[in-house]
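A quick write-up on the structure given underneath.
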Amino acid sequence: IAGITQAPTSQILAAGRRMTLRCTQDMRHNAMYWYRQDLGLGLRLIHYSNTAGTTGKGEVPDGYSVSRANTDDFPLTLASAVPSQTSVYFCASSDLEPSSPRETQYFGPGTRLLVL
Amino acid sequence: DQQVKQNSPSLSVQEGRISILNCDYTNSMFDYFLWYKKYPAEGPTFLISISSIKDKNEDGRFTVFLNKSAKHLSLHIVPSQPGDSAVYFCAASARAGFQKLVFGTGTRLLVSP
């Protein structure tokens, strides 16, 4: 693999169910991010991680949790899905080394989630 | 409060002409700006960026202009090609304090042959 992979590609989920969206990168980037994209709202940051073992809240963290047990993986969990979490979810990573432009984020292909 | 605004949800341009995509921001702490391009069913990809110490950055057919006093930036694509048809997101960050990227709502560009 090269870059960022996300799984599943799409999912239909019943409200109240638990769901984990998977994200794996092979670029050894220290920072990773989860965004949701909604029509008319652009990309909004859900959670981020600057390095393995640390996480932080973004703009819209409620209803979501993340973990960063190692450099490569950054799963996003919906503990009890609600219809308002219907969205397209993008995982991204970036290199936080001072010599690199950290704002250049590399995105995965996305997971399209429908909560009924 | 939308800190980064793209007021035009869509733009249609003929092949060979110039495409101008606009972006406004409200946070005066932003000092680094980027444009990302997104095709359907794909993730966004980085296109071009500009630091606040510059007012122009050029990369091939793509040029980004920054007007700090107006808190406005624009992306010019010359000449436009049908393959440029995509959604373009403007993004900004405040490098001090390690602030995260803030994205605009996107502008869908359609370049017709």
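What follows draws every value from the coordinates through simple rules; no lab data is involved. What you are looking at is a predicted structure, and each value in this text was computed from that prediction instead of being measured. In this analysis, Cβ positions are derived from the backbone assuming ideal geometry, glycine residues included, and neighbour counts consider all displayed protein chains.
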Checklist entry - Going highest first, how would you order B:3-13, A:6-16 by mean Cβ packing within 10 Å? => result B:3-13, A:6-16
Next on the checklist: Averaged across A:104-115, how many Cβ atoms of other chains sit within 10 Å of each residue's Cβ atom?
Outcome noted: 3
Item to check | Interchain or long-range residues, amide H under 5 Å from A:Asp26's placed H | outcome: A:Gly3
Next on the checklist: For a quick check, take a GNM of chain B with Cα springs below 10 Å and name the residue from B:Gly43, B:Gly60, B:Gly83 with the largest mean-square fluctuation.
Outcome noted: B:Gly60
Checklist entry - Kirkwood hydrodynamic radius for the range B:24-95: how many Å is it when counted over pairs of different Cα atoms? => result 12.7
Checklist outcome for this item: Checking rank on A:24-33, A:78-87, with mean other Cβ inside 10 Å and highest first, the result is A:24-33, A:78-87
Next on the checklist: Give the average, rounded to an integer, of partner chain Cβ atoms located within 10 angstrom of each Cβ in B:36-49.
Outcome noted: 4
Checklist outcome for this item: The rounded separation in angstrom of the Cα centers of the range B:40-75 and the range B:8-28 is 11
Checklist entry - For the protein assembly as shown, what are the per-bin percents of Cα-Cα distances with bins 5 Å wide, up to the bin holding the maximum? => result 1, 7, 14, 18, 19, 17, 12, 8, 3, 1, 0
Next on the checklist: Step by step: find N for chain A, compute 2.2 N^0.38 Å, then divide the Cα radius of gyration by it. What's the final number?
Outcome noted: 1.01
Checklist entry - Under the definition of partner shielding as Cβ atoms of other protein chains within 10 Å of a residue Cβ, what is the mean value for peptide A:44-51? => result 1
Next on the checklist: For B:Lys54, give me every one of the aspartates and glutamates with a C-alpha distance below 17 angstrom, ignoring sequence neighbours fewer than eight places off in its own chain.
Outcome noted: A:Glu103, B:Asp24, B:Asp31
Item to check | Charge sum, other residues only, whose C-beta stays under 14 Å from A:Asp38's C-beta, Lys/Arg counted +1 and Asp/Glu -1 | outcome: +3
Checklist outcome for this item: Given the candidates B:Leu101, A:Asn70, A:Gln11, the one whose Cα lies deepest towards the positive end of the charge dipole of the protein assembly as shown, counting +1 at each Lys or Arg C-beta and -1 at each Asp or Glu C-beta, is A:Gln11
